[in-house]
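We did not get these values from a lab; they are worked out from the coordinates using the rules stated. Only a predicted model underlies this, so the values are computations on that prediction, with no experimental measurement involved. Please note: Cβ atoms are built from the backbone with ideal geometry, for glycine as well, and neighbour counts cover all protein chains shown.
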Amino acid sequence: MEFHSFLIKYSEIAVKGKNRHLFEDKLVERMREALARLEGDFRVRKASGRIYVDCAGIFDQQDVIEALQKVFGIVWICPLVKLADLGFEDLKARVIEYLKECYGEKQLTFKVLSRRTRKNYPLTSDEICPLMGEAILEAMPNLKVNVHDPDFFVNIEIRDENINLYSILIPGPGGMPVGVGGKGMLLLSGGIDSPVAGWMISKRGLELEAVYFHAPPYTSERAKRKVEDLAELVSRYSGPIRLHIVNFTEIQLYIYETCPHDELTIIMRRLMMRIAERIAKENGCSCLITGESIGQVASQTVQSLTVTNAAVESLPVFRPVIGFDKQEIIEVAKKIETFETSILPYEDCCTIFVAKHPVTKPLLKVIEASERKLAGVDAMVEKALETREVVVIGGQK
Amino acid sequence: MEIYLDNSATTPVLPSVKEAMSQMFDMEYGNPSSMHLKGVAAEEKVLEAAKKIAATLGAKEKEILFTSGGTEGNNLAIIGAARAKMRAGKHIITTSIEHASVHNVMEHLEAYGWEVTYLPVDHQGRVAPEDVLDALRPDTVLVSVMMVNNEIGAREPVEEIGRALKDVAPQVLFHVDAIQGYGKYRIRPGRCGIDLMTVSGHKIHGPKGVGFLYIRDKVKIDPILFGGGQQNGLRSGTLNTPGIVGLGLAAEEICRDLEVHTEQMYRLKERLTEGLKALDGVTVNGPAPREGAPQIVSASFEGLRSEVLLHALEEEQIYVSAGSACGSAHPEDNRTLYAIGLRGEKLVSTLRFSLSIYTTEEEIDRTLEVLRAKLPLLRRFVRR
């Protein structure tokens, strides 16, 4: 079926009281950005508590739906049929014709819903529903009415300019429009978890920046490119991501030579947090985001997380996959299409910086004592910050 | 200064080759299969290239079949021979150190009912001709042995094997993967019992995406590509005329001064080998310099992951290749290194340096100097 209009439903943001128009405006903005990348002419407009998308020119309907399915804040995408008002009898015929096209001979239950903004229409909403229901039952014996839990709704909206009809609901991603929640700094590695974490937080309305620590020659140029690719995949949802690429080799070698090897990972992660927080604050990010999940590896036990967390001065650290099993994270990664890239084998090829038996229950005092031996690390952190490379990923047509 | 020591992966194109190809794109863009003059002109260029190549082999031009490169050449030779000889038998003999474009074809055939014998090699990577003869069975239809191993430069005794096969089992076809050997050694396949021989253009300073398969006159193999019937139906597909012209010229030029080039490479190989041996904790793998191919040096660096060293050299614009993928010591990652007896640490700490006619003494010295400086630094950070 061909549609030229879509009605966009956004239940969660509708309840945000006085901020409602801010949310709606942001959602419209994000939808326009998403559609601007496609071929075709698109109009996104707000009208009496609804957002509509009108499509013109040469466009691919599936592309439009897929683009909208990546705009956080959208709950349902409803393909819309616009009818001229040629009387109720004509309306009945058009509705039945449309339902036959949608559902054919399938045994299903339905319920008619109607709304009337044009108050001079000869029938009230309460009169339209039973009359329309009756006509549908008569024409389509495979359908039954169920007013409590129907398989589908038949929505009829009598408006000033035309009558809107819709029944199919395509799920959107949910969440809130990117930008309403400010900005977060994602610690992005080449793994499976961090892109998922970034996606989840962005879904709550946050723009993203990201930081990646690379360690040439111990990690390769291809590993770095993989991280850029992952950022690009996440940016299809979150919008453009500023990626800060920090050279971590000097610091890593220094820790390696100075500190006990079973504490390498934890000290390294604390320094990564410190650097990430600095970059976050310099760039107006109000939180850090990591892909940590309890117990997944030695550095992610509750004790390790506590010690890592203590390296952060003041920003909250969000760990949206904290309670997920690996398999649950993988499911999301597959859904957002980062999985295939995440499992490319470039990352962490060189395991020399991972101790064979890292501490699993580190004590902050002990770790801090080890860190006091790193007298020169402050200068190295400054240098790493200064020499970082910044690239903007995604967002281009 | 950029130092390219990965010439067994690919080589830069000769300027004359680039020029000749450019001419083809500009002027002789016709399809050699076309009936008109534009097609005939292109066909002549292809014939000329075939003649040039045939001349380097003491062969006839009709014995040269153009392909898209080494992988296709090996696939066509092996699958084509196996299918053509199906009724005579389904046993094939090869070595355990062949390139993936031979080895994986063998595994494919095994899945379809062929039996394959993989012969071992000695610590220098050489297969013994007696082993080949001992492995012969009444149903053996094909023997495939590479001329030069791509990982360690071992030179296989293909001439000896070929002659012996023609004596004791003339019905068996003999294929040689000469991708790393052609242009480094003079070879006359017709005189030493080689029926099929694969060559790739971009390993001899020719273009990528083109190569040839030598098929001895009267030897019949089945095609693996079907279509318009080009090249006597054995390899359908419009001829890659610019590539073929480039390949022909590269073959001619490289073979013209072959001894001069290889002598220069041998001297540099010796210099590099001596320099590497003088470094702490470095072992050079494979045969003695002049017993192997002139362009390949394989070395293991104790206590280091090859990939780390590769990227460390890359920082100085020195490009080499890693013997085995880092992180895993799986024997399948590098069959050759495993077959010559490398295990564990040595398997994952191996680099391949490969030279070309453009390699200079300064480049070798600079590479050794960088290694001398970097090895102790990198070794400070070894997993304990």
Computed ³J(HN,Hα) along the stretch A:309-318: with the Karplus parameters 6.51/-1.76/1.60, θ = phi - 60°, integer Hz and x for glycine or proline, the list is 4, 5, 6, 8, 6, 9, 6, x, 10, 9
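Ordered by packing density, taken as the mean number of other Cβ atoms within 10 Å over each peptide's residues, highest first, how do A:30-39, B:136-145, A:220-229 rank? Walk me through the intermediate numbers first.
Values: A:30-39: 16.6, B:136-145: 20.3, A:220-229: 18.6.
Averaged packing, sorted descending, gives the order B:136-145, A:220-229, A:30-39.
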For peptide A:313-322, the mean count of other chain Cβ atoms within 10 Å per residue Cβ is 0
For A:Lys119, the lysines lying under 30 Å Cα to Cα, once residues fewer than eight places off in the same chain are dropped, come out as A:Lys9, A:Lys16, A:Lys18, A:Lys46, A:Lys82, A:Lys92, A:Lys100, A:Lys111, A:Lys144
Relative to chain B, whose Cα atoms define the longest principal axis, helix B:241-256 and its Cα axis are tilted in degrees, nearest 10, by 60 degrees
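How large is the translational diffusion coefficient of chain A in µm² per second when you combine the Kirkwood radius over alpha carbon pairs with Stokes-Einstein at 25 °C and 0.890 mPa s? Can you show the working numbers first?
Values: Rh = 24.0 Å.
D = 102 µm²/s.
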For chain A, percent of DSSP beta bridges that are antiparallel (nearest 5) comes out at 55 percent
Output field shielding_mean for A:209-218 (other chain Cβ, 10 Å radius) holds 3
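Going from the alpha-carbon gyration tensor of chain B, what semi-axes, largest first and in whole Å, does one get by taking the root of 5 times each eigenvalue? It would help to have the intermediate numbers written out before the result.
Details: eigenvalues 249, 146, 60 Å².
The three semi-axes for chain B are 35, 27, 17 Å.
Shielding of A:246-255 by partners, i.e. mean partner chain Cβ atoms within 10 Å per residue? Before the final figure, lay out the partial values.
Details: counts 0, 0, 0, 1, 0, 0, 1, 4, 0, 0.
Mean partner shielding for this stretch: 1.
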Ranked output for segments B:346-352, B:72-78, B:85-91, A:377-383 by mean other Cβ atoms within 10 Å, highest leading, reads B:72-78, B:346-352, B:85-91, A:377-383
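How much net charge surrounds B:Arg191 when only the other residues with a Cβ under 9 Å from the Cβ of B:Arg191 are counted, with Lys and Arg +1 and Asp and Glu -1? Could you put the intermediate results ahead of the total?
Details: positive: B:Arg163, B:Arg188; negative: B:Glu159.
Taking every Cβ under 9 Å from that of B:Arg191, the sum is +1.
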As straight-line cross-link partners of B:Lys85, the qualifying lysines (C-alpha separation under 16 Å, not fewer than 8 residues apart within one chain) are B:Lys218, B:Lys220
Rounded to the nearest 10, the angle in degrees between the Cα long axis of helix A:249-258 and the longest principal axis of the Cα atoms of chain A comes to 50 degrees
The equivalent-ellipsoid semi-axes of the protein assembly as shown, taken as the square roots of five times the Cα gyration tensor eigenvalues and listed largest first in whole Å, are 61, 41, 24
Unit-weight point scatterers at every alpha-carbon of the stretch A:5-171, Debye formula, q = 0.09, 0.11, 0.18, 0.19 1/Å: log10 I(q)/I(0) is -0.34, -0.51, -1.20, -1.27
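What does the charge add up to near B:Ala20, with Lys and Arg as +1, Asp and Glu as -1, over the other residues with Cβ less than 12 Å from its Cβ?
On the way: positive: B:Lys18, B:Lys45, B:Lys52; negative: B:Glu19, B:Asp26, B:Glu28, B:Glu48, B:Glu252, B:Glu253.
After counting each charged neighbour, the total is -3.
Which number do you get for Rg(Cα) / (2.2 N^0.38 Å) in the stretch A:218-366? Working shown, then result.
Numbers: Rg = 15.8 Å, N = 149, 2.2 N^0.38 = 14.7 Å.
For the stretch A:218-366, the normalised Cα radius of gyration is 1.07.
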Using the Cα gyration tensor of the stretch A:184-294, the equivalent ellipsoid's semi-axes, largest first and to the nearest Å, work out to 24, 15, 12
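In deg cm²/dmol and to the nearest 500, what is the mean residue ellipticity at 222 nm of chain A if only DSSP H runs of at least 4 residues count, each as -39500 (n - 2.57), divided by the residue total? Kindly include the intermediate steps, with their values, before the conclusion.
On the way: 14 runs with 158 residues, N = 397.
Per the formula, -12000 deg cm²/dmol.
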At 10 °C in a medium of viscosity 1.306 mPa s, the stretch A:256-299 has a Stokes-Einstein diffusion coefficient, with Rh taken as the Kirkwood radius over alpha carbon pairs, in µm² per second, of 131 µm²/s
Restricting to aspartates and glutamates and to Cα separations under 15 Å from B:Lys346, and discarding same-chain partners fewer than 8 apart, the set is B:Glu151, B:Asp280, B:Glu302, B:Glu307, B:Glu332, B:Asp333
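From the mean inverse distance of alpha carbon pairs (Kirkwood) and the Cα radius of gyration, derive Rg over Rh for the stretch B:257-379. Let's see the in-between values first.
Values: Rg = 14.0 Å, Rh = 14.7 Å.
The Rg/Rh ratio comes out at 0.96.
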proj_area_mean for the stretch B:92-192 (convex hull on C-alpha atoms), units nm², value 6.2 nm²
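Report D for the stretch B:3-100 in µm² per second (integer): Stokes-Einstein, Kirkwood Rh on Cα pairs, 37 °C, 0.692 mPa s. All intermediate terms of the calculation are to be shown ahead of the outcome.
On the way: Rh = 17.0 Å.
Here the translational diffusion coefficient equals 194 µm²/s.
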For chain A the mean separation of alpha carbon contacts under 8 Å (6+ apart) over residue count, i.e. relative contact order in percent, is 16 percent
Given pairs A:Lys183/A:Lys335; B:Lys45/B:Lys90; A:Lys70/B:Lys208; B:Lys90/B:Lys184; A:Lys106/A:Lys203 and cut-off 31 Å on Cα-Cα distance, the over-length ones are B:Lys45/B:Lys90; A:Lys70/B:Lys208; B:Lys90/B:Lys184; A:Lys106/A:Lys203
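Based on Cβ point charges of +1 for Lys and Arg and -1 for Asp and Glu, what charge dipole magnitude is obtained for the stretch B:15-256 about its Cα centre, in debye rounded to the nearest 20?
Details: 27 positive and 29 negative charges, 117 e Å.
Value, rounded to 20: 560 debye.
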Helix B:100-111 sits off the longest principal axis of the Cα atoms of chain B, rounded to the nearest 10 on a 0 to 90 degree scale, by 60 degrees
